[in-house]
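Colleague: My structure is below; once you've seen it, I'll send some questions.
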Amino acid sequence: MAARIVVLGNINQDFVMAAERMPQPGETVLGSDLRFVPGGKAANQAVTAARLGAQTTLIGRVGSDVFGPVLLENLRREGINTDFIEVDEAHASGAAFITLAPTGENSIISVPGANFAVTPEQVTEAQEAIAEADFALAQFAVPLEAVEQLIEIAGSVGTRVQIDPTPVRDRLPRKFSRIFSTVPNETEAARITGVQITDVASAAAAASALRDMGLQIGVITLGAGGCVIRTEAGGWHVPGYRVTVVDTTGSGDAFAAGFAVALAEGRTPAEAGAFANACGALAATVFGAQPSLPHRDAVEAFMQEQRAPEAAEL
Ligand code: RIB
């Protein structure tokens, strides 16, 4: 049976451009290759889950501007249930202005718009879908009250919650310690746990700190370095895959969705880490957020070709 995933969070129109470098205050730098790409962390996670074969529902909000209907239609084309996406008359659709450096690294200014008008009531309306899901995923690009409602409802119906704590906010949602798993990068993990991450050992300490907070699974993503996972049963460093990086936008989202889908399908945490690493790596090989998110057959072929790196016990 296909995994069932509900995602709560932001839906963005991404404006992506290339630039040799970022401007200094008062300076203009010429960019190139401006492209319009569907994005948003939650939308990216939902699209990844759907492309991996999961039955996927997205809870969110778009504006009634020119972008909203296009973003919605795009999600429907991916086979995502959009019944709980509201069209907001008062706010513009979320937008992200992304500058790509020649290295493939990105700098993002995200303007939340309608995403910050997502309400806890919208989450309540999706109660049935949350109850039927294997995993409910969220990030921090919508009001934390909505994330808190997701934690509350999922907790009451026994659905596992995974949070990608990005962008880092000045507080954690209430009952964060009751969620099942979290998948921060080094910076986010340091903000949450206070552990500065410089290597695998310190990442393992941060993952342990997440467990100490009460979470079942703490995962620290290390980009090309793979991920470190802590569960009740033990800890693993799952090395990453080597790829030629074109654009890292959406890689973290592909990782988050891949990890949840793999766990929902009954893989072990270390196996799920390898699967998620492959999803994230593939997403970095293609330009843009959603155009880069991999389908199931591509992930499986990639893992076969590359031979999944052995996870090391910690
Ligand atoms: O995680 C990548 C996403 O972050 C982009 O698609 C952009 O919309 C920003 O929210």
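The values are calculated or read from the model by the stated rules, or taken from the named source; none is laboratory data. The shown structure was predicted, so the numbers you read here are calculated from the model rather than taken from an experiment. FYI the Cβ positions are ideal-geometry reconstructions off the backbone, even for glycines, and counts take in every protein chain you see. Side chains are part of the model used for accessible areas, which takes the heavy atoms of the whole protein and leaves out ligands, DNA and RNA. Shrake-Rupley method; radii C 1.70, N 1.55, O 1.52, S 1.80 Å.
Colleague: Determine whether ILE5 is at pLDDT 95 or above, more than 16 Å from the ligand (Cβ to nearest atom) and surrounded by 12 or more Cβ atoms within 10 Å (Cβ to Cβ).
Modeller: Judged against the criteria, ILE5 is a match.
Colleague: Report, by residue number, each residue of region 36-87 that is open to solvent by 10 Å² or more (accessible area, probe 1.4 Å), within 13 Å of the ligand (Cβ to nearest atom) and in a helix (DSSP H, G or I).
Modeller: LYS41, PHE67, ASN74
Colleague: Any idea which residue in region 16-30 is farthest from THR248 (Cα to Cα), counting only those that are open to solvent by 100 Å² or more (accessible area, probe 1.4 Å) and of a type outside the set (S, T, N, Q)?
Modeller: Only one residue fits best here, namely PRO25.
Colleague: Another question, then. I'd like to know if region 155-174 contains one or more residues that are part of a helix (DSSP H, G or I), open to solvent by less than 60 Å² (accessible area, probe 1.4 Å) and closer than 21 Å to ALA43 by Cβ.
Modeller: Scanning region 155-174 turns up no residue that is part of a helix (DSSP H, G or I), open to solvent by less than 60 Å² (accessible area, probe 1.4 Å) and closer than 21 Å to ALA43 by Cβ.
Colleague: Let me ask something additional. For region 126-138, state whether one or more residues are within 15 Å of the ligand (Cβ to nearest atom) and either outside any loop (DSSP other than H, G, I, E, B) or surrounded by 20 or more Cβ atoms within 10 Å (Cβ to Cβ) (or both).
Modeller: yes
Colleague: From ILE98, ILE151, ILE108, which residue is surrounded by fewer than 21 Cβ atoms within 10 Å (Cβ to Cβ) and among the hydrophobic types (A, V, I, L, M, F, W, C)?
Modeller: Result of the check over ILE98, ILE151, ILE108: ILE108.
Colleague: Mind checking whether some residue in region 227-237 is among the hydrophobic types (A, V, I, L, M, F, W, C) and without any contact (Cβ under 8 Å) to a residue 40 or more places away in the chain?
Modeller: The answer is yes; a qualifying residue exists.
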